[in-house]
Amino acid sequence: MKRITIDPVTRIEGHAKVTIQLDDNGRVAGTEFHVTQVRGFEKFTEGRPFYEMPGITARICGICPVSHLLASSKACDAIMAVRIPPTARKLRELVHAAQIVQSHALSFFYLSAPDLLLGMDCDPATRNIVGLIAAHPEMARDGIELRKFGLQIVEAVAGERVHGFGIVPGGISAPLQPQVRDHLLVDLPSAKAIARRTLDFFKRALDGYAEEIEFFGSAPMMSAGLVDRLGNLQLYDGMLRFRAADGTITADGIEGDDYATWIGETTLRDSYMKAPYFKPRGFPGGVYRVGPLARLNAIDQCGTPVADAELVEFRERFGAPAHSAFLYHCARLIEIVYALERIEVLLDDEQVLDKHVRAAAGVNAHEGIGMIEAPRGILIHHYNVDDDGAIVKANLIVATGHNNLAIGRAIQQVSERFVDGAKLTEGMINRVSAVVRAYDPCLSCSTHAAGEIAMRVTLVGADGEVLDDVSRF
Amino acid sequence: MPPKNVSIRIDGELISAREDQTILEAATASGKHIPTLCHLAGLTPVGACRVCIVEAQGTDRLLPACTTPVHEGMSVTTSSAKLARYRRMTVELLLVERNHVCSVCVSNGHCELQSLATELGVTNVRFAFNYPKLDVDVSHPRYVLDHNRCILCSRCVRVCAELEHAHVWEVRSRGIHSRIVSDLNAKWGEAQSCTNCGKCVQACPTGALAEKGRAVEEMTKSSEKITSLARWRGAEA
C-alpha cells in the first residue's frame with residue numbers, strides 16, 4: 001500500500017494538503033483532505049469589546065474581508081438590538097455584491113482560468129496568471145478589470161479596498177457621495193460586458209470538459225443557500241434553505257438565530273478545519289455543499305432578469321439540482337451577472353445617497369448571530385457578550401468549512417478516476433488540486449489560516465517509504 | 001521676583017531662555033523640535049517615556065528634555081545618530097511590551113505612538129514580543145480601558161489629578177507589572193471618584209483609553225483641548 005500527499009495545494013486561499021492512499025495494485029484506496037493551520041480568532045477575541053469584532057475578524061481574510069465585516073456587523077446589530085437604517089442596509093448589500101464580483105473574478109480568472117484555458121496538463125511553470133496573461137491577454141485583462149470594478153465599490157463604501165473600516169455595528173460609517181456613485185455607474189456597463197462575454201465563452205468551452213464535469217465531485221448531495229420568502233437568491237439577508245440531492249426542499253425558512261438547531265460541527269482527524277453537517281441527518285450523513293453552485297441549486301430563481309435567463313439555461317443543460325463541482329465555475333459566472341444586476345439596481349436607487357446610515361446603541365442583548373452568503377457560501381458569526389459588551393464566546397462557521405466533507409468526497413472521486421499506478425504525473429496532481437480549486441476554498445478563513453496556498457503530493461509505500469514527492473507553488 | 005534669563009546653546013544655536021524653563025520648553029519656544037510621547041503641554045512633566053532624551057555637554061548621561069531645567073551656559077544636542085538610535089529603541093521596547101496591533105486598533109491612524117514610530121523610522125522591531133495576557137476594562141458606561149494598548153505615559157493620571165481634580169487614576173505595582181488603576185484598583189465602572197468627564201480619554205496618546213462603541217480607526221482625540229484648558233486655568237490662577 002502506498003500513500004500520495006499533495007502538499008501544498010496551489011492556487012487556493014490558505015494552506016492544505018491531500019493524502020491519497022493506494023493499494024498494492026496502485027488503485028486508490030482512500031483520500032484525506034488536511035487543512036494545516038490554525039488561527040485562533042474564536043479564542044483570542046474573548047474579552048474584547050463586541051464592537052471591535054468586525055475590524056478584528058475582517059483580518060481573517062484579505063480576499064473577502066467584507067464578508068466578515070458584514071457577518072460580524074450583523075451579529076453586533078443583534079447585540080445592540082437595532083434595525084439599521086434602510087440606506088445602510090442597501091449600502092451593505094451593494095458592497096457585498098461588489099465583493100462577490102471581485103472575489104468570483106479572482107477565483108475564475110486568477111486561480112482557475114490557468115487550468116481551464118491553458119489545460120490541466122500544461123507545464124506548471126506557465127500554468128498561472130502570468131502564463132494566462134501571455135497566452136490570453138484579453139481574458140486576463142477582463143479579469144483584472146472586473147476585479148477592479150468590484151474593489152472600487154468596496155472602496156467607495158468600506159473606505160478601503162482591503163480591510164475597510166466603513167462597515168460598522170449599526171450600519172455604515174459614512175454616506176455614499178453622489179459623485180462617487182456617478183463614477184461607479186459610468187464603469188458599470190463595461191463590467192457587465194466583461195461578465196457577458198466571459199460567461200458566453202465559458203458556456204461554449206464547457207463542451208470540452210465532459211470528463212471533468214462527470215468526475216469532478218459529481219456525487220449527489222444536499223445544497224444549502226440563503227433565499228428570501230419568494231425563493232430568490234439572497235446574498236446579504238435571507239433565510240437558510242437545504243435542498244436535497246433529488247431536488248426536494250429538506251428544510252426551509254431557517255433564520256440565522258436558529259442555525260444551531262440545523263447545523264452541527266465536528267472535528268476531523270488530521271485537519272484544523274471543522275466539518276459542519278446537517279444535524280437531522282447526523283455525521284457524516286449530513287454532508288452538504290454551500291457556495292455558488294449550492295446557492296443556484298437551493299434557490300427557485302435569482303430574482304434578476306439576465307441571471308434568471310442564465311439559470312434556466314444552466315438547469316436545462318446540467319439538471320436541477322446540478323451536482324458536478326466543476327460547475328462551480330459556471331455558477332460563479334452566473335452569480336457575477338446577478339451581482340452586477342443588483343449593483344445597478346442599488347446604485348440607481350436614490351436612497352443609497354441618504355445621509356442617515358448608522359444606528360447607535362449599547363448592549364441590549366447578550367447574544368448576536370449574523371448570517372450572510374459570503375462568496376464561498378454561508379458565513380455565520382455568533383457572539384455572546386457580558387453586560388458590559390465584552391465577548392464571552394465567539395463561534396465562526398465559515399463558508400469553506402461547510403464544504404469540508406464535500407471537498408473530501410470530491411477528492412476521493414477525482415483520485416479514483418485519474419490517479420493510477422505508483423508514479424505520479426503532473427496532470428494527475430493538478431486534477432486533484434483543480435477539484436479543490438473548483439470549490440474555491442478559503443482555508444485561511446475556515447481555520448480562522450494565513451498566506452498562499454500551494455500543494456505538495458507525497459507518495460508513500462505500504463511500509464512507510466516515501467516513493468515520490470511533488471511540490472508545486 | 002521674575003525668573004532670570006539664561007543663555008544656552010541648542011544644537012549650537014545661542015538661545016535665551018528663562019531659568020524656570022525645561023530644555024523642551026526652551027527648545028520649543030525657539031522653534032526646535034524634540035520628539036515627545038508622555039509629555040502633554042499643560043500637565044506636569046514626568047519623564048516617563050524617555051523619548052525626548054538629549055545630549056548635554058559635560059555629562060555622559062542622556063537627559064530627558066521634558067524634566068531637565070536649563071541653566072546658564074548649558075549646551076544641548078537634540079539630534080544625533082546616537083539619540084536617533086536610543087529613541088528608536090525606546091519606541092521598539094514600548095511596542096514589544098504589550099499588544100499593539102495597529103490594524104485592529106480604534107486609534108489606528110490617529111495614534112501618537114504610531115506617528116512617533118513613523119517619525120523615528122521604526123520600520124521593524126528587533127526585540128522579542130512579550131505578548132502579555134491583559135484585561136480590557138469595559139465596565140464604564142461610556143469609556144473603555146484596554147491595558148494591551150497602554151504605554152504607562154501617565155497622562156491620564158496627571159490630567160485627572162491636575163485638571164479634573166478627581167485623581168481617579170494611579171499607577172499600580174512596579175516595572176513590567178505596572179498597571180493603570182482607577183480608585184483603589186476597582187473596575188472603572190465602579191470607581192466612585194470618576195466624574196465621567198473623559199479628559200483622560202482625550203489625553204491618552206494611544207487607543208488604551210477610548211470612547212465605547214468606536215470601531216477600528218474611529219477614535220480621534222483632541223489633546224490640544226487639554227493644553228488649552230490647562231493654560232486657561234493657569235491664566236485664571
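The values are calculated or read from the model by the stated rules, or taken from the named source; none is laboratory data. What you are looking at is a predicted structure, and each value in this text was computed from that prediction instead of being measured. Every residue, glycine as well, gets a Cβ built from its backbone with ideal geometry; the counts of neighbours run over all protein chains shown. To get the accessible areas, we keep the full protein, side chains included, count just its heavy atoms, and leave off ligands, DNA and RNA. Shrake-Rupley method; radii C 1.70, N 1.55, O 1.52, S 1.80 Å.
See the values below:
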| item | result |
| --- | --- |
| Condition met for A:G282 (small (G, A, S) and touching a helix residue (DSSP H, G or I) at 6+ places or on another chain (Cβ under 8 Å)) | no |
| Residue tally, condition within 17 Å of A:R3 (Cβ to Cβ) and in a helix (DSSP H, G or I), over segment A:393-432 | 10 |
| Criterion violated by A:H402 - all others in (1) crowded, with 23+ Cβ neighbours inside 10 Å; (2) closer than 24 Å to A:L118 by Cβ satisfied | (2) |
| Single residue of A:E42, A:E52 found to be in contact with a Leu (Cβ under 7 Å, 6 or more places away or on another chain) and among the acidic types (D, E) | A:E42 |
| Among (1) assigned to a loop (DSSP other than H, G, I, E, B); (2) at pLDDT 95 or above; (3) out of contact with any Pro (no Cβ under 9 Å at 6 or more places or on another chain), the one test that B:K133 misses | (2) |
| Conditions (1) out of contact with any helix residue (DSSP H, G or I) (no Cβ under 8 Å at 6 or more places or on another chain); (2) among the small types (G, A, S); (3) within 19 Å of A:D270 (Cα to Cα); number of the one not met by A:A81 | (3) |
| Unmet criterion (only one of (1) surrounded by 22 or more Cβ atoms within 10 Å (Cβ to Cβ); (2) modelled with pLDDT under 95) for A:I334 | (2) |
| Test: residue in segment A:198-217 that is of a type outside the set (D, E, K, R), more than 28 Å from A:F318 (Cβ to Cβ) and out of contact with any Cys (no Cβ under 8 Å at 6 or more places or on another chain) | no |
| Selection from segment A:2-30 of residues that are buried (at least 24 other Cβ atoms within 10 Å of the Cβ) and acidic (D, E) | A:E13 |
| Strands (runs of 3 or more DSSP E) within segment B:161-237 that include 3 or more residues surrounded by 12 or more Cβ atoms within 10 Å (Cβ to Cβ) and more than 14 Å from every other protein chain (Cβ to nearest Cβ) | B:169-172, B:179-182 |
| Matching residues, segment B:124-145, being away from chain A (no Cβ under 14 Å) and either under 21 Å from the mean Cα position of the chain (by Cα) or closer than 30 Å to B:A191 by Cβ (or both) | B:V125, B:N130 |
| Residue match in segment B:36-52 (condition: part of a helix (DSSP H, G or I) and among the aliphatic types (A, V, I, L, M)) | no |
| Matching residues, segment A:222-270, being among the aliphatic types (A, V, I, L, M) and at pLDDT below 90 | A:L268 |
| Helices (runs of 4 or more DSSP H) wholly inside segment A:117-207 that include at least 3 residues being within 30 Å of A:G427 (Cβ to Cβ) and open to solvent by less than 10 Å² (accessible area, probe 1.4 Å) | A:137-158, A:178-205 |
| Failed item, numbered, when B:L120 is tested on (1) closer than 28 Å to B:S193 by Cα; (2) hydrophobic (A, V, I, L, M, F, W, C); (3) more than 12 Å from chain A (Cβ to nearest Cβ); (4) open to solvent by 20 Å² or more (accessible area, probe 1.4 Å) | (1) |
| Residues within segment A:319-331 that are in contact with a helix residue (DSSP H, G or I) (Cβ under 6 Å, 6 or more places away or on another chain) and either open to solvent by 10 Å² or more (accessible area, probe 1.4 Å) or of a type in the set (K, R) (or both), tallied | 1 |
| Search result, residues across segment A:384-441 that are away from every other protein chain (no Cβ under 14 Å) and of a type in the set (V, I, T) | A:I397, A:V398, A:T400, A:I407, A:I411, A:V414, A:V419, A:T425, A:I429, A:V432, A:V435, A:V436 |
| Top-ranked residue in segment B:76-104 [being more than 17 Å from B:I23 (Cβ to Cβ) and assigned to a loop (DSSP other than H, G, I, E, B); ranked as least open to solvent (accessible area, probe 1.4 Å)] | B:R98 |
| Leading residue by the ranking (nearest to A:P178 (Cα to Cα)) among those in segment A:348-370 that are open to solvent by 10 Å² or more (accessible area, probe 1.4 Å), hydrophobic (A, V, I, L, M, F, W, C) and outside any loop (DSSP other than H, G, I, E, B) | A:L353 |
| Sole exception among (1) buried (at least 18 other Cβ atoms within 10 Å of the Cβ); (2) in a loop (DSSP other than H, G, I, E, B); (3) within 11 Å of chain A (Cβ to nearest Cβ) for B:N148, by number | (2) |
| Residue satisfying condition, being open to solvent by 20 Å² or more (accessible area, probe 1.4 Å) and under 23 Å from A:D77 (Cα atoms), within set A:V312, A:V345, A:V392 | A:V392 |
| Tally, over segment B:123-139, of residues that are of a type in the set (S, T, Y) and either farther than 27 Å from B:D183 by Cα or open to solvent by 40 Å² or more (accessible area, probe 1.4 Å) (or both) | 2 |
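Residues are listed down the side, and each one gets a yes or a no for (1) open to solvent by 20 Å² or more (accessible area, probe 1.4 Å); (2) facing another protein chain (nearest Cβ under 10 Å):
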| residue | (1), (2) |
| --- | --- |
| A:E32 | yes, no |
| A:V38 | yes, no |
| A:F50 | no, yes |
| A:I56 | no, yes |
| A:R59 | yes, yes |
| A:A71 | no, no |
